[in-house]
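Take a look at the structure set out below.
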Amino acid sequence: MPTSLNVSFMGSPPKDAEYDHPEGRALARLVRQAVQQKGWVAGEPDNWRDVGWSVLCSRGSSRLECAISLVGGGKWILQVAPNAVPGFLGRALGRNPSASPAEVLELSKVVHGALQGGNAYSDFRWRWDGLPKSDSAHEPPQEA
């Protein structure tokens, strides 16, 4: 069963007046705003491992995270994934991820629309459960 959708893309988000490190807080705010407009609850962007930003998103009992980081040379990577994924023991005890693949896909489509909407970002490459490649889909793919 697929877990996360990952996208690489090119672009230069505006500088954030409040935080200059790590880069991309304005991009995280864009994602947060788009998610909220589609009826999801989204937290404030949070520093993600000191290399990017994350936004926690929820709706009903589903909990997801959008993590964004600059790779270099104007190339970004963003992951939409369940906020919690049980390990071996958790799965053996019947625990499930905090979001289904369908919910990951739904939120990924919202994120894609936000990134594509302003013409500031391009060259989208989406892939389930791995680093996007040059032949990856230009939109969030339905199936892994």
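What to note about this one:
- For Gly11, the requirement of being small (Gly, Ala, Ser), at pLDDT 95 or above, surrounded by 14 or more Cβ atoms within 10 Å (Cβ to Cβ) and over 25 Å from Ala84 (Cβ atoms) is met.
- Hey, Asp135 charged (D, E, K, R) and either surrounded by 15 or more Cβ atoms within 10 Å (Cβ to Cβ) or within 30 Å of Asp20 (Cβ to Cβ) (or both) or not: no
- Residue count for the stretch 14-56, restricted to those that are modelled with pLDDT of 95 or more, closer than 19 Å to Ala84 by Cβ and not in a strand (DSSP E or B): 3.
- Residues that are touching a residue at least 12 places away in the same chain (Cβ under 8 Å), within 17 Å of Thr3 (Cα to Cα), assigned to a loop (DSSP other than H, G, I, E, B) and among the small types (Gly, Ala, Ser), drawn from the stretch 62-93: Ala84
The values are calculated or read from the model by the stated rules, or taken from the named source; none is laboratory data. Note that the structure is a prediction, hence the values are computed from the model and not measured. Glycine also receives a Cβ, built like all others from the backbone with ideal geometry; neighbour counts cover every protein chain displayed.
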